[in-house]
Amino acid sequence: MNTPITVQYKIKALIEKVWNALTDQNEMTSWYFDIQDFELEVGKVFNFYEPGGENKFHHQCEILEIIPNQKLKHTWSYPDFSDQKTIVTWELSSENNETLVKLTHEDIENFKDLGDGFSRLSFTGGWNAILGQSLKGHLEN
């Protein structure tokens with residue numbers, strides 16, 4: 001069952017502002033993760049850990065596709081636990097001075113052997129919190 005996780009929210013902000021939040025290193029720190037080595041360029045790899053300073057989960061991603069103000073696609077992996085990768089795609093569309101943000105996380109089954117913290121349920125909850133609370137709250141306040 002290779003059904004992607006799809007999460008989407010309407011955010012009361014112009015598409016350019018949402019794109020900036022997704023792609024500007026300083027903006028990301030305010031709502032997402034502190035990603036020191038992020039560069040908006042296809043082929044660039046970036047790394048980060050979960051917030052809180054425990055550094056248990058090393059995330060590594062590689063940018064696969066960029067369409068400014070429309071799409072950011074990158075891999076998502078945990079190199080300390082597995083050589084498997086998944087794909088995360090952020091898609092933006094404008095609707096009446098609001099932005100629909102659609103996140104798709106594909107191939108989540110690649111992490112099925114890593115435990116409950118890497119389950120479909122866990123990722124779905126995480127993405128809903130990241131988009132529906134963190135990003136939406138950051139941009140609408």
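Rule-based calculations on the coordinates, nothing more; no lab input. Everything numeric in this text was worked out from a predicted model, so none of it was measured. Neighbour counts run over all protein chains shown; Cβ positions are idealised from the backbone, glycine included.
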Query raised in the report: Hey, does the range 49-68 have a residue that's crowded, with 18+ Cβ neighbours inside 10 Å, closer than 25 Å to ASN110 by Cβ and in contact with a Lys or Arg (Cβ under 7 Å, 6 or more places away or on another chain)?
Result: yes
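Quick grid of which residues meet (1) among the small types (Gly, Ala, Ser); (2) touching a His at 6+ places or on another chain (Cβ under 6 Å); (3) in contact (Cβ under 8 Å) with a residue 24 or more places away in the chain; (4) farther than 23 Å from THR29 by Cβ:
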site	(1), (2), (3), (4)
SER77	yes, no, no, no
GLN84	no, no, yes, yes
ILE87	no, no, no, yes
GLU95	no, no, yes, yes
ASP113	no, no, yes, yes
GLY126	yes, no, no, no
Query raised in the report: Of the residues that make up the range 32-46, is at least one closer than 15 Å to VAL101 by Cα, under 14 Å from the mean Cα position of the chain (by Cα), in contact (Cβ under 8 Å) with a residue 40 or more places away in the chain and surrounded by 14 or more Cβ atoms within 10 Å (Cβ to Cβ)?
Result: yes
Report task. Please indicate, with yes or no, whether at least one residue in the range 14-28 is loosely packed, with under 13 Cβ neighbours inside 10 Å and free of Cβ contacts under 8 Å to residues at least 24 places away in the same chain. Result -> yes
Query raised in the report: Among the strands (runs of 3 or more DSSP E) confined wholly to the range 1-105, which include 2 or more residues that are among the acidic types (Asp, Glu)?
Result: 58-67, 85-95
Requested in this report: Could you identify the single residue in GLN84, GLN70 that is of a type in the set (S, T, N, Q), within 21 Å of LEU22 (Cα to Cα) and touching a strand residue (DSSP E or B) at 6+ places or on another chain (Cβ under 9 Å)?
Outcome: GLN70
